[in-house]
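So the structure is just underneath, and the comments pick up after that.
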Amino acid sequence: MRRGVSLGAILVAGMLAGGDAVGTAAPGRRPEVADKQTATPVDVELVVAVDVSYSMDLDELAVQREGYAQAITSKEFLQALRTGPNAKISLTYFEWSASSDQKIIIPWRVIDGPETADAVANEIMQTPVRRGSRTSISGAILFAMPLFDEDPYQGLRRVIDISGDGPNNNGPPVTPVRDEALVKGIVINGLPVMVKEPSYSTMDIDNLDWYYEDCVIGGPGSFVVPIKGRENFKEAIRAKLIREVAGKTPERRMVPIAENEPRISCTIGEKIWQDRWGR
């Protein structure tokens, strides 16, 4: 047991007490953009999809929220923002757990400097935190794809930034859904959270980063940034967002990707759930 609890966890506990513990929300429907080609140009349309399943403890949820808020307002992120031809991005942020449980926290917003970055970061931190059951990476990707059609901005790139601390165990298998997104020209990057020892009780697996590399991410320049310690949480989020905004394809992938068969079964989460619950 940890001897200390972060201030963030205390704040989260308070928010949980005052806010909704569970909830499901479909994408907020905006009036369709008549012609995306005439929409305001941005360098990247970025969907941030964040795992809030019960396997994430309150301290992790707090650090995760703080990590994204601090990354968006960091000097390094704002410098990367200025390297693009339009010097702006559009971003939407949602939280997910089961295949039918996704909730948009930040609808599409433009970030083009410190003022808009601060506004988004404040909105992230002020929204009550919730948690949900099961882990459906496929559900998160399916939810994310139509969000790009609702974005009133036109990006040079479309990216889904997906974080999670376990394999898909609910909803459709993840690889066909990933492939559907890639056909649409969407890049998927991964942030596997590996700060705890794998536990049967939480359905964790060894080498979650391999699972993300082989089964979840894809597209030109796609990459994985594993988080293997709580002290690296915020830095990993910042490094990942900076690379996504800068749009630079690394000379080599941040983590090697298997060229052939997945090193871990892409249905391992479903198999563990079946073995444990028989359904």
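The values are calculated or read from the model by the stated rules, or taken from the named source; none is laboratory data. Computed from a prediction, not measured in an experiment: that's the story for all the values here. Positions of Cβ are backbone-derived with ideal geometry, glycine not excepted, and every protein chain shown enters the neighbour counts.
Brief remarks follow.
- For segment 208-219, the candidate set comprises residues that are in a helix (DSSP H, G or I) and not acidic (Asp, Glu); within that set, the residue that is nearest to Met194 (Cα to Cα) is Leu208.
- Residue within segment 139-151 that is surrounded by fewer than 19 Cβ atoms within 10 Å (Cβ to Cβ), in a helix (DSSP H, G or I) and among the small types (Gly, Ala, Ser) present: no
- The set of residues in segment 176-187 that are of a type in the set (Asp, Glu) and either surrounded by 15 or more Cβ atoms within 10 Å (Cβ to Cβ) or over 16 Å from Tyr212 (Cβ atoms) (or both) contains only Glu180.
- Val63 vs. criteria in contact with a Phe, Trp or Tyr (Cβ under 9 Å, 6 or more places away or on another chain), of a type in the set (Val, Ile, Thr), at pLDDT below 95 and under 22 Å from Ala239 (Cβ atoms): yes
- Answer from Ala140, Ala144, Ala121 - the residue that is in contact with a Ser or Thr (Cβ under 6 Å, 6 or more places away or on another chain), at pLDDT 95 or above and within 24 Å of Ile227 (Cβ to Cβ): Ala121
- Taking each residue of segment 65-76 that is over 15 Å from Arg243 (Cα atoms) and looking for partners that are of a type in the set (Lys, Arg) with beta-carbon atoms closer than 9 Å, six or more apart or interchain, yields Glu66/Lys234; Gly67/Lys234; Gly67/Arg238; Gln70/Lys234; Gln70/Arg238.
- Long-range neighbours under 6 Å by Cβ, at least six apart or interchain, first residue assigned to a helix (DSSP H, G or I) within segment 105-124, second among the polar types (S, T, N, Q): Ala117/Thr73; Asp118/Thr73; Ala121/Thr73
- Applying the set (1) part of a loop (DSSP other than H, G, I, E, B); (2) modelled with pLDDT under 90; (3) touching a strand residue (DSSP E or B) at 6+ places or on another chain (Cβ under 6 Å) to Ser222 leaves exactly one unmet item: (2).
- Qualifying residue in segment 155-165 (condition: in a loop (DSSP other than H, G, I, E, B) and either buried (at least 17 other Cβ atoms within 10 Å of the Cβ) or over 17 Å from the mean Cα position of the chain (by Cα) (or both)): yes
- Pro173 vs. criteria modelled with pLDDT under 95 and either of a type outside the set (Val, Ile, Thr) or crowded, with 20+ Cβ neighbours inside 10 Å (or both): no
- Considering segment 63-89, and only residues there that are over 15 Å from the mean Cα position of the chain (by Cα) and surrounded by 24 or more Cβ atoms within 10 Å (Cβ to Cβ), the residue that is farthest from Ile141 (Cα to Cα) turns out to be Leu81.
- In summary, Ser100 fulfils each of the numbered conditions (1) in contact (Cβ under 8 Å) with a residue 60 or more places away in the chain; (2) buried (at least 18 other Cβ atoms within 10 Å of the Cβ); (3) over 18 Å from Val159 (Cβ atoms) with the single exception of condition (2).
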